[in-house]
Amino acid sequence: MNTPKKPEGKKFSDGQITLMNIIRGGIAGCIATASVIPLDVTKTWVQLQSESGVKSIKVTNAIKSIYATKGIRGFYAGLDSALTRQFGFAGIRIGLFFNVVDLVQKRLGRALTFAEKVGASLSVGALAAFVVNPVDVVLVRCWADVKRPPNERRNYRNVFNGIARITKEEGLTTLWRAATPNIARAVGLNLGMMVSYQELKERLKPYLGDTFKCQFISSIVAGLCGTTLALPFDNIKVKIVNMNPDANGKMPYKGITLSLIHISEPTRPY
């Protein structure tokens, strides 16, 4: 008696798998962003407050100030920009990384070395940051409006209005302002998160198996590593994107190196 063959599952091409990974990564990023955007708004407030010369900055003061200025809605400022940015950024950064890793492993017939994982994470992280930089500029400015006096706010209606106004009022190249620190931030984030996650998970598998516990521990450590590497560049990016010229028309921040020196000095009221 012939046993009936089970129907084979649908096979997807490399291009379809890449697209699905990007969409999955983007959706995951959007869910995460919607959950933590109040923390991001608070973080940006603290970063900008450091320019006012205040030596001790308390997160509780930031939360009180944001609520007093904008209410609960203030903690969700720029939500549409944040979701747009994260869909593109996380989609490319996460989706492409795992796709590149899987593709190379299939071609080579072996697991990637640590150096190869680093190379993959650096490449996709830099690409993701460059592509979404215009949305990032709008997003940071929306968050900065929460701290600005009413007469200094940019008041972008949405991400598309922000991009259109920046292009018209400041020129197209302004959409890629702070692209270098933003790329450095993305590279640090991807290097810290993706590489450490993959590496730690592979080392824990013999002891924990491919279980939720293994993935959870790897994710926690990866998040800490990514944040530690990315935060200095995130600080520079926020300040460059939000800066205004002084009375002489001079911008306070120029490039990563000079910005690091400037931020390391006693804070100035820019």
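The values are calculated or read from the model by the stated rules, or taken from the named source; none is laboratory data. Here the structure is a predicted model, which means the values were calculated and not measured. Please note: Cβ atoms are built from the backbone with ideal geometry, for glycine as well, and neighbour counts cover all protein chains shown. For the accessible areas, the whole protein counts, side chains as well, though only heavy atoms, and no ligand, DNA or RNA atoms are used. Shrake-Rupley method; radii C 1.70, N 1.55, O 1.52, S 1.80 Å.
Here are some notes:
- Neighbour net charge for E170 - beta-carbon separation under 14 angstrom, K R +1, D E -1: +4
- Counted residue by residue at 0.36 nm each, then reduced by the alpha carbon distance between them, the extension gain from Y207 to N244 reaches 7.9 nm.
- When the square roots of the Cα gyration tensor eigenvalues are ordered a ≥ b ≥ c, the ratio a/c for the range 10-136 is 1.5 or more and a/b exceeds b/c, which makes its shape prolate.
- Using a simple spin-label model with pseudo-atoms 7 Å out from Cα toward Cβ, Y76 and Q215 lie 2.8 nm apart.
- Packing rank of 183-193, 221-231, 201-211, 92-102, where each peptide gets the mean count of other beta carbons within 10 Å, highest leading: 183-193, 92-102, 221-231, 201-211
- Long pairs among K58/K239; K106/K237; K58/K237; K58/K201; K201/K239, criterion Cα-Cα beyond 28 Å: K106/K237; K58/K201; K201/K239
- For the range 115-256: rounded, prolate or oblate by the Cα gyration tensor [a/c cutoff 1.5]: prolate
- Classification of the range 153-208 by its C-alpha gyration tensor yields a prolate form. The axis ratio a/c (a ≥ b ≥ c) is 1.5 or more, and a/b outweighs b/c.
- Modelled FRET efficiency - R0 41 Å, N158 with L19, Cβ distances, 0.05 increments: 0.95
- Amide N of the range 119-162 lying under 13 Å from the label point, which is placed 7 angstrom from the Cα of K168 along Cα→Cβ: 156-158, 160-162
- Highest average first, the peptides 26-39, 127-140, 59-72 ordered by how many other beta carbon atoms sit within 10 Å of their residues are 127-140, 26-39, 59-72.
- Per-residue surface analysis assigns K58 an accessible area of about 120 Å², computed on protein heavy atoms at 1.4 Å probe radius.
- Gain in span if fully extended, V104 to A34, counting 0.36 nm per residue against the direct Cα distance: 21.9 nm
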